[in-house]
1. Give the angle, between 0 and 90 degrees and rounded to the nearest 10, that separates the Cα long axis of helix B:140-150 from the longest principal axis of the Cα atoms of chain B.
2. Leaving out ligands and nucleic acids, and using a 1.4 Å probe, what accessible area per residue does segment A:91-145 come to in Å²?
3. Give the angle, between 0 and 90 degrees and rounded to the nearest 10, that separates the Cα long axis of helix B:103-114 from the longest principal axis of the Cα atoms of chain B.
4. Which residues of segment A:55-89 bury at least 10 Å² of accessible area once all protein chains are present, versus their chain alone (1.4 Å probe)?
5. On the accessible surface of the protein assembly as shown, probed at 1.4 Å, how many percent belong to carbon and sulfur atoms?
6. Could you please report the charge total around B:L128, scoring K, R as +1 and D, E as -1 over all other residues with beta-carbon less than 10 angstrom from its beta-carbon?
7. For A:98-104, what's the mean count of beta carbons from other chains sitting within 10 Å of each residue's beta carbon?
8. Can you give the relative contact order of chain B as a percent, counting alpha carbon pairs under 8 Å and 6+ residues apart?
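The values are calculated or read from the model by the stated rules, or taken from the named source; none is laboratory data. None of the values given here were measured: they were computed from a predicted structure. Here the Cβ positions follow ideal geometry from the backbone for every residue, glycine too, while neighbour counts run over all protein chains shown. Note: areas computed on protein heavy atoms with side chains; ligands, DNA, RNA excluded. Shrake-Rupley method; radii C 1.70, N 1.55, O 1.52, S 1.80 Å.
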Amino acid sequence: MIGFDNVAHDFGSGALLSELTLELTAGSFHFLTGPSGAGKSTFLKLCYGELTPTSGTVSFLGRNIAGMNRDELALMRRDIGVVHQDCQFLDHLTLAENVALPLAVSGRRIDPGELAELLGWVGLSNQAQALPPTLSGGERQRGALARAVIMSPRILLADEPSGNLDHDLSMRLLTLLVELNRLGTTVMIATHDLALIRAAKTQVSARVMRIKDRRLHPAGADL
Amino acid sequence: MSRLSTVLARLLGDTEADKVVPRSGLALWLTVFTAAAMAFLSVLALAMSLATARLADRWSGAFEGRATILISAAPEAMGVQAQRVLDILAVTPGVASAHVVDQGEMRRLLAPWFGARTPIESLPVPQLIDVEETPAGFDAAGLALRLAAEVPDAHLDDHQRWRKPLVQAAARIRLVSVLSLILIGGATAAMLTLAALASLASHARVIAVLKLIGARDAYIARAFVRRFTLRSLIGAGLGTSAGMIALATLPGASAPGGLLTGLGFSGLQWLWPLAIPPLAAIIGFWVTRTAALHRLRRGE
Ligand SMILES: Nc1ncnc2c1ncn2[C@@H]1O[C@H](COP(=O)(O)OP(=O)(O)OP(=O)(O)O)[C@@H](O)[C@H]1O
Ligand SMILES: [Mg+2]
């Protein structure tokens, strides 16, 4: 689905990532880990075209993302659900409106029943009319997950989805992600929550990658 | 009704897209105010342009194909001289007819200046001969020369002398008012562009989020286009109404006072300013759309 071919990226102050080659196959479940500042968020941004690699190519369904025009990029993003590390909500819209925004933006009809069901799935039925700034960190993150999946994307990218969640909630979130993966969604989670990774490995066959010394390595046996 | 709303939605962008970008009250009112002020000024410029056109028409049409010959001689010589002038006119090619303006007509002409009961017999007014030209017209210079030679007290006035500069002045004023209209349109476009760019810049984060979730440029642009089109339309509507009211309360165009009292619209001309609000809306639509798409493509 998403392919990295000898990708390197730097922000102008020395290489951050280099020699990345990887293929996210349809239906796979990946974890991406590594210390803070290693470049996990950067890797995800390369996946959905927010960043363009300094060298090498990132492709989506075989097409080089860097070669897409603006409309094609927009259409691709409707196929990739992203849970951003900082959620990226519009603060003047209610949670329900934020969650439904990808539908509105792509001109699709919003079914109130389905929206309510989705909010129930992430346990936010009572917060539907709340504005994002009034929500707790964990509530925001679950809202971001709901928004990421509302378009039934082929790929779900999640950046520290359990960052603000306690153990119980992150296990619940994991269950949701595993459920999505069973329905066919390709899942890629960037996290340094090792407990989350360990718990996931008991439920799905997940590949764990680690960014170390700018490169991508399969994680050690401890995971 | 539903077709109309579809067309409007097409034109103005859907309310959904509009809601996605928060509104800011002050910017909204500034745009409405600007559009209103510009519309008010265009009503005045338009009135100016139409009034001068009317005036030029009146001046150039009023004496078209006519000339006057004045004879200022001693009263007793008047009759003879007038007859000699008529004789000359009778053989001048291009003259359709000529007649001596009689006392009754004279009285009518002078009444506005001296009052209806003027004893013009006792006034030293010149004798007037009204000349009507054939469509081809006569050679004014030649006739003037001949009169100078044969009837030195007669003087040809073909009205060109005073009419031309007036008609020219009217044309100038008209040109200036049309230029003003163009400038007002340009200034409106420039100010709306600035407002749209400021709005785009202040909502950079909203735009970034919309792009992340797969919004096309056209969708994002629509959110801005709708509000600026509506604001220009509403503002221009207010300004145009105010301008028309201001003109309607000026002294009437029919009063004999030329340009000053003639500044306004007459009859169907009152329909002209109604084009201003839709034009303002078109400017708002086009300018915002261009600015938004341009900014988005540049990646801001
Ligand atoms: N837009 C940017 N411009 C310059 N430097 C950047 C930019 N974005 C990220 N960086 C730098 O790149 C490095 C990697 O950032 P990134 O966000 O990918 O790390 P991360 O692995 O996600 O860290 P964390 O676990 O804390 O989220 C950091 O040192 C960061 O300062
Ligand atoms: Mg990060």
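1. The angle comes out near 20 degrees.
2. 44
3. Long axis of B:103-114 versus the principal axis of chain B: about 50 degrees.
4. The answer is A:R70, A:D71, A:A74, A:L75, A:R77, A:R78, A:H84, A:Q88, A:F89.
5. Percent of accessible area from carbon and sulfur atoms in the protein assembly as shown: 60.
6. Charge balance near B:L128 sits at -4.
7. What the average comes to for A:98-104 is 4.
8. 34
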